[in-house]
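Okay, structure first, notes after.
The values are calculated or read from the model by the stated rules, or taken from the named source; none is laboratory data. All values reported here derive from a predicted model rather than from experimental measurement. No Cβ is skipped: glycine too gets one built from the backbone with ideal geometry, and neighbour counts run over all protein chains shown. Accessible surface is based on the protein model in full, side chains and every heavy atom, while ligands, DNA and RNA are left aside. Shrake-Rupley method; radii C 1.70, N 1.55, O 1.52, S 1.80 Å.
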Amino acid sequence: MSDESRNPALALHDILNRLWNTGGVKVQDGWHAVLSAQVGTLDFAQRHGEVVGLLNLVGERLRGLPDNNRTRIRCEEYVPQWHSAIVFRGLWNSAANSTAQSVISVPALHQLESLGEQFDSLFGYEDTELSEVAVTDLRSSLQEWRNLLDSADLPRGMTNQIRGEIDHIEWLLANVDLFGSAPVVNRSRQLVGSGVMAMATRPSLATRINAALAGVVAFLTLTNSGVEQANGILEGVQEMATHVQSIADGERSEPAEPRQLGPADIPTQSDGEIIDVEAEDEAAS
């Protein structure tokens, strides 16, 4: 995988640059050529929505810079132009007044590319690597999640949410050459959060959820660090799962509350086993 595909700004630049290079065709034909999907179809909606997601990632990173940062000030002036290129408000089905090349200016494209080249130093993307080992860990973990969802008694809404997140990550992996690895990493982080919530909802499943989480956590750490750091974080996740499991075991082993006595449990005068303490005292004296 190329360095460019790991960077959301450069991934977005590559898409818009390909759109610009389609030339004087209709806007919808230009997008069809770039996304390999017909405008108006579900496939196009998903792919085009992911392009909007790349812009959102770029904007999120820019807003993380100090208010007086020159890169932020300069690039935020171009964000509306990048947005307008993606969600073009002119006619998509006519090349008479607007073409795919006309949706964005060359200076706006160059500025996006320049920002992408600065992402490494600004946000540490030079440390991000979507290696084959990391992807293998992620795919294995996603299958673990599917097995868990098929058999575990999680709330229906949570099950559907996590299944949707898994489907999205797998789709992003299949389209990583188009959208880059940043969306894969972001969605994987979201899945980890969902796993923690599932663990809190069903503590008795902590061990199984931890097994499903392990590959996702390994993927996230391997893409940004190394095996040693990944192993350390995995140990932390295991400790968390063990702690949650111990809480669940403790809840199951709590002593039962004392039973409240009813009328049938209270002795009466006709009970032959009642001992008359006063009579015994008189006999003893």
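Data for the structure
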{"read-out": "Selection count where residues are among the β-branched types (Val, Ile, Thr) and either over 15 Å from ALA200 (Cα atoms) or open to solvent by 30 Å² or more (accessible area, probe 1.4 Å) (or both), scope segment 135-162", "value": "2"}
{"read-out": "Evaluation of ALA200 against (1) small (Gly, Ala, Ser); (2) open to solvent by 30 Å² or more (accessible area, probe 1.4 Å); (3) over 23 Å from ASN7 (Cβ atoms); (4) without any contact (Cβ under 8 Å) to a residue 40 or more places away in the chain (one fails), failing number", "value": "(4)"}
{"read-out": "Scan of segment 12-29 for residues that are within 16 Å of ALA108 (Cβ to Cβ), open to solvent by less than 60 Å² (accessible area, probe 1.4 Å) and of a type outside the set (Val, Ile, Thr), ordered by number", "value": "LEU12, HIS13, LEU16, ASN17, LEU19"}
{"read-out": "Search result, residues across segment 163-185 that are acidic (Asp, Glu), closer than 14 Å to TRP145 by Cβ and open to solvent by 40 Å² or more (accessible area, probe 1.4 Å)", "value": "ASP167, GLU170"}
{"read-out": "Candidates SER84, SER105, SER151, filtered to the one that is within 30 Å of PRO66 (Cβ to Cβ) and without any contact (Cβ under 8 Å) to a residue 24 or more places away in the chain", "value": "SER84"}
{"read-out": "Residues of segment 74-114 classified as open to solvent by 70 Å² or more (accessible area, probe 1.4 Å), under 20 Å from ARG63 (Cα atoms) and in a loop (DSSP other than H, G, I, E, B), total", "value": "1"}
